[in-house]
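Presented below is the structure to which this report refers.
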Amino acid sequence: MTSSGFTGGLSPARLTVGVVSAGRVGTAFGEALERVGHVVVGAAAVSDASLARVRDRLPESQVLPVDDVARRAELLILAVPDSELASIVAGLAATGAVAPGKLVVHTSGANGVSVLEPLAALGAVPLAIHPAMTFSGRAEDTDRMTAACFGITASDEIGYAVAQALVLEIGGEPVHVAENNRALYHAALAHGSNHLVTLVVDAVEALRVALAGPGFPGSDAERGVPERVLAPLLEAALDNALRNGQSALTGPVARGDAAAVRKHLDVLEAVDPRIAAGYRALSLRSAQRIGAAADLIEILEGKQ
């Protein structure tokens, strides 16, 4: 058994590709496939930003309605928000735009292949291929995909082989995710990436206040200094955490310095109680991880 556009050894052949829609993820995915010899023949684009992306980064592609994109493509990429995915799939199934043997890939992190069941019932090959990276909407997104991991889920071994081949072809690393673990996979990624942004922005805000004290010349707080102060510290901390896990933890919680933690909470409360609440929550989780002393736990739980 072979899939459309694949040889018996499941090596990707030249495929016609359709992208729905030409947002940040879909454009980068389509561009990455074009770099290795596939051809994006159609893209759905409605907003001015999407139309500009097609023009600039997928210039050989035609802007077409969703159904026409699906009919023209051997490999259909559904790069739409999670909230829209099921309705797009249902609409394609109702119109018969997806022929048997067509490869249908969605890029949602939270969903496996069950959301594609209406198309699989028509004979399509359903694949979930999620690039585990943040997209800026700029051309460098495509370059970064070659160093990214991709969470892949399929309905059978052939599907996994096809998904793996596509990811390897564009330079990424395929990582298998079981259908029933997709939500957990997505939660872990969101917890790490989204909350890191909030943590960093809160730290920058507090540091900006700290650098705006009286008696200092100029306005260091307004010239990107907080970001430059934090950058090497954050980069080293992230690298250390990824290499060494929990043992990378440093600072007053790791030392069990309850007085310093209490002082931190007081000064952050004066800047913004919401930043203090975030500090308290993360410090409590850190303290729990290392088995900190009861007095520190009680401070962080608000019992002292």
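The values are calculated or read from the model by the stated rules, or taken from the named source; none is laboratory data. Quick caveat, the model's predicted, so the values are computed rather than measured. Please note: Cβ atoms are built from the backbone with ideal geometry, for glycine as well, and neighbour counts cover all protein chains shown. Each accessible area value is taken on the protein alone, full model and side chains, heavy atoms only, with ligands, DNA and RNA left out. Shrake-Rupley method; radii C 1.70, N 1.55, O 1.52, S 1.80 Å.
Annotations for the structure displayed:
- Annotation: extensible slack from GLU117 through ARG289 equals 57.8 nm (criterion: 0.36 nm per residue apart, minus Cα-Cα distance).
- Each Lys or Arg adds one and each Asp or Glu subtracts one; over the other residues with Cβ under 13 Å from the Cβ of ARG55, this totals -2.
- In terms of the mean number of neighbouring beta-carbon atoms within 10 Å, the peptides 174-184, 258-268, 120-130 order highest first as 120-130, 258-268, 174-184.
- Applying 0.36 nm per residue to the separation of ARG55 and HIS191 and subtracting their alpha-carbon distance, the gain on full extension is 45.5 nm.
- Per residue, the chain exposes an accessible area of 51 Å² to a 1.4 Å probe, with every protein chain left in place.
- Heavy-atom accessible area, probed at 1.4 angstrom with all protein chains present, ranks VAL25, VAL162 as VAL25, VAL162, highest first.
- The peptide list 270-277, 203-210, put in order of mean Cβ contacts within 10 Å with the highest first, becomes 203-210, 270-277.
- Accessible-area composition of the chain, carbon plus sulfur, in percent [1.4 Å probe]: 57
- Label-point separation, ASP68 to THR250 (7 Å along Cα→Cβ), nm: 5.9
- Remark: spin-label model distance THR134-ALA99 equals 4.2 nm, labels positioned 7 Å along the Cα→Cβ axis.
- Once the Cα-Cα distance is subtracted from the 0.36 nm per residue extended length, the ALA231 to VAL271 segment shows a gain of 12.3 nm.
- Relative contact order, percent, segment 70-110 [alpha-carbon distance under 8 Å, six or more residues apart]: 63
- Rounded to the nearest 0.05, the FRET efficiency derived from the C-beta distance between VAL201 and ASN181 at R0 = 25 Å is 0.25.
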